[in-house]
Amino acid sequence: MIQDINPHRLYNQYDPEKRPSDDSRIFAFRDSSQSKRDIELLVKIRDEGKTLDIPKRSDFAEDLSEASFIYLFSVDDESFFLLDKKESAVAEKTEENADYSFISFTELRNAGLQPKEYVYAAFTAYQLAEWYSVTRYCGKCGAENENDKKERARTCPKCGNKIYPRINPAVIIGITDKETDSIVLTKYRVGYGHNALVAGFTEIGETLEECVAREVMEEVGLTVTNIRYYKSQPWGIASDILVGFYCDVVGDKTIKMDKGELKYAEWVKRPDIILQPLEYSLTNEMMQTFKNNGYSGTL
C-alpha cells in the first residue's frame with residue numbers, strides 16, 4: 001500500500017518552531033487550470049518518467065519570509081514543508097527558472113513513480129495543504145485563523161475556536177462467499193475505472209461494523225455476517241482513514257446493484273480477479289489477499 005515505505009519512516013509530530021534548511025523539501029500546490037476537482041504540484045519527473053523529485057528550499061527565492069513555509073512532517077531525517085498559497089507567484093517563478101513543472105495530482109498518483117516515500121509524502125502533504133487552505137478563516141466569527149503554537153490546529157484569535165485536521169472514516173468491504181470461493185467486485189459509476197470493492201463513509205452515530213452492513217445492503221442488496229477487521233490505511237488525497245473488513249454473505253446471493261453508484265457489481269471467483277494497476281490501495285491489497293489465499297476465518 002502507499003504507506004508501506006519500510007525501511008523509511010514518516011514522523012508527523014507537529015513542530016511549530018522548525019524552519020527549513022536549504023535542503024528541506026518544499027511542497028508547492030496550486031489550483032488546477034484544467035479541472036475544478038484537481039490540484040497541481042510543483043515537481044520534477046526524471047529518468048524517463050519514473051522518478052519523482054520535489055524542489056528544495058534552495059530552489060526558491062532567498063528573500064521569502066519564514067512565515068511562507070509551514071512544517072508538515074519528516075521522512076527519516078528529511079524535512080518537508082508547505083509553501084503558503086499566498087506565495088503562488090513565487091512558485092510559478094521557480095517553475096520558470098528551475099527544471100520543475102506543475103503537474104496535476106491525478107497524473108502524479110496514476111504514474112507509479114519512485115521513490116515510494118516521496119509519493120506517500122505527496123499524498124500526506126496534499127491532505128494537510130487542503131486543510132490549511134479551507135481553514136484560513138474561522139467558521140464561527142469569520143476572523144482569520146492562526147496556526148496553533150502547541151499542536152496541529154488552527155486557532156481563532158478572536159473567539160478562540162480551534163479546528164483540527166479533518167479525517168473521514170470510511171470502510172472497504174470484501175464480501176465473500178465460502179461455497180463458491182468468490183468475492184464481490186465493483187466498478188464506480190464515475191471516476192476511478194478499475195476494479196474495486198464495496199465502500200462507503202460512516203454516518204453519524206454509526207459503528208464501523210454497522211456501516212459495513214448498511215453499505216453492502218445499499219450498494220449490492222446483500223445481507224452479511226461474520227464482519228471482521230482486516231487492516232487500515234490513511235488516504236490523504238481524500239482526507240480519509242480507510243478501514244478494511246471482510247464479511248460473509250448470508251441468504252439470497254443475488255446482487256441488486258445501486259445503478260446510481262456503480263456500473264458493475266458481480267461475484268468473481270479467485271482465479272478471475274483482475275487487480276488494480278498500482279499497489280497503492282487497501283482495496284487492491286484486499287483483492288490480492290483473497291485471490292492468493294481464498295476464504296478463511298481471518299484471511
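The values are calculated or read from the model by the stated rules, or taken from the named source; none is laboratory data. Nothing here was measured: the structure is a model prediction, and the numbers come from that model. Ideal geometry is used to build each Cβ from the backbone, glycine not excepted, and the neighbour counts take in all protein chains shown.
Points to keep in mind about this one:
- Qualifying positions in region 250-265 - assigned to a loop (DSSP other than H, G, I, E, B) and within 23 Å of the chain's Cα centre (by Cα): 261
- Just one of the listed residues (19, 30) is in the same structural domain as residue 88 (by TED's automatic domain parsing), at pLDDT below 95 and assigned to a loop (DSSP other than H, G, I, E, B), namely 19.
- Of all residues making up region 33-58, the number that are part of a strand (DSSP E or B), touching a Lys or Arg at 6+ places or on another chain (Cβ under 9 Å) and basic (Lys, Arg): 1
- Among the residues of region 268-290, those that are farther than 23 Å from residue 229 by Cβ and over 24 Å from the mean Cα position of the chain (by Cα) comprise 269, 271, 272.
- Counted residues, region 210-221 - those being closer than 19 Å to residue 283 by Cβ and out of contact with any Cys (no Cβ under 9 Å at 6 or more places or on another chain): 6
- Some residue of region 252-264 being within 18 Å of residue 294 (Cα to Cα) and at pLDDT below 95: no
- Boolean, residue 200 is surrounded by 16 or more Cβ atoms within 10 Å (Cβ to Cβ), touching a helix residue (DSSP H, G or I) at 6+ places or on another chain (Cβ under 6 Å) and at pLDDT 95 or above: yes
- Candidate set: region 125-159, residues that are among the hydrophobic types (A, V, I, L, M, F, W, C) and assigned to a helix (DSSP H, G or I); chosen: the one surrounded by the fewest Cβ atoms within 10 Å (Cβ to Cβ): 134
Matching residues to (1) touching a Phe, Trp or Tyr at 6+ places or on another chain (Cβ under 9 Å); (2) among the charged types (D, E, K, R):
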site	(1), (2)
237	yes, no
263	yes, yes
275	no, no
291	no, yes
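- Single unsatisfied condition, residue 187 versus (1) farther than 30 Å from residue 133 by Cβ; (2) out of contact with any strand residue (DSSP E or B) (no Cβ under 8 Å at 6 or more places or on another chain): (2)
- Answer residue from region 1-24, given it is basic (Lys, Arg) and either over 20 Å from the mean Cα position of the chain (by Cα) or closer than 18 Å to residue 130 by Cα (or both) and is surrounded by the fewest Cβ atoms within 10 Å (Cβ to Cβ) among those: 19
- Scan of region 65-86 for residues that are outside any strand (DSSP E or B) and on the phi < 0 side of the Ramachandran plot, ordered by number: 65, 66, 67, 68, 77, 84, 85, 86
- Residues located in region 160-169, provided they are under 20 Å from residue 236 (Cβ atoms) and either hydroxyl-bearing (Ser, Thr, Tyr) or outside any loop (DSSP other than H, G, I, E, B) (or both): 163, 164, 168, 169
- Candidates 92, 96, filtered to the one that is under 30 Å from residue 278 (Cβ atoms) and either modelled with pLDDT of 95 or more or in the same structural domain as residue 20 (by TED's automatic domain parsing) (or both): 92
- Qualifying residue in region 266-283 (condition: part of a loop (DSSP other than H, G, I, E, B), exposed (fewer than 14 other Cβ atoms within 10 Å of the Cβ) and of a type in the set (D, E, K, R)): no
- Among the residues of region 66-100, the one identified as more than 22 Å from the chain's Cα centre (by Cα), loosely packed, with under 15 Cβ neighbours inside 10 Å and under 19 Å from residue 121 (Cβ atoms) is 77.
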